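The block underneath contains the structure these notes are about, expressed in structure tokens.
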Amino acid sequence: MTFEEAIKTAIDYETKVRDVYLDNVDNIADETGRRVFKTLGDEEQGHLDYLNARLAEWRETGKVSCLKLKTIVPAREVIEEGVKKLDDHLLERDFGTEREMLRKALRLEQETSDFYRKMVAELGEDGVLFQPFMEIEEGHEAIVQAELDYLNKTGTFFDFQEFNMEY
């Protein structure tokens, strides 16, 4: 894959993920869930803006400047604290629709992360453009997985088992 093709493919991935979040904001019954989807959708739009600017730069100059990619995703510890503070009223609700949207978002985030990992590995020096995207998308995966774990009451939180029924 050429560098330009990689940027175009990244734009396609980011568009799909953005659309899953922003197209479903109004389908989320819970205010917190709506905020999460809106926030992640806005972040994905920022990725699209960045990638489109890099593509234009590449086409014009044959080079790309790797400007710092900003993220609104907080540190993992902040995410963990936020999930711990979820209101008890969430326990009484049916979140079937939200679960399905989160599952779809998680699949797309995983595909997008896998793509960025592959580009970092395969494109050598040019792959450095995709390194921050890889890290940010992995953060998005963690957020979506934490919400799914909470709604599914799996007993796990960020891939750690919270309790054990065996002695």
Can you find, within segment 95-151, the residue that is surrounded by the fewest Cβ atoms within 10 Å (Cβ to Cβ) among those that are at pLDDT 85 or above and among the hydroxyl-bearing types (S, T, Y)? S113
Please work out which residue is farthest from M101 (Cα to Cα), limiting yourself to segment 19-69 and to residues that are exposed (fewer than 12 other Cβ atoms within 10 Å of the Cβ) and among the basic types (K, R). K63
Could you list, in sequence order, the residues of segment 43-62 that are among the acidic types (D, E) and touching a helix residue (DSSP H, G or I) at 6+ places or on another chain (Cβ under 8 Å)? E43, E44
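Can you tell me which residues in segment 20-30 are touching a residue at least 12 places away in the same chain (Cβ under 8 Å) and part of a helix (DSSP H, G or I)? Lay out the reasoning, then the answer.
Going residue by residue through segment 20-30, those that are touching a residue at least 12 places away in the same chain (Cβ under 8 Å) are 20-22, 24-25, 27-30.
Within segment 20-30, V20, Y21, L22, N24, V25, N27 qualify.
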Which number in (1) out of contact with any Phe, Trp or Tyr (no Cβ under 6 Å at 6 or more places or on another chain); (2) over 22 Å from D114 (Cβ atoms) marks the one condition that T15 misses? (2)
Condition first: of a type in the set (K, R), in a loop (DSSP other than H, G, I, E, B) and within 14 Å of the chain's Cα centre (by Cα). Now tell me which residues in segment 31-75 satisfy that. K70
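The values are calculated or read from the model by the stated rules, or taken from the named source; none is laboratory data. None of these values were measured; they are calculated from a predicted model. All Cβ positions, glycine included, derive from the backbone under ideal geometry; neighbour counts span all protein chains shown.
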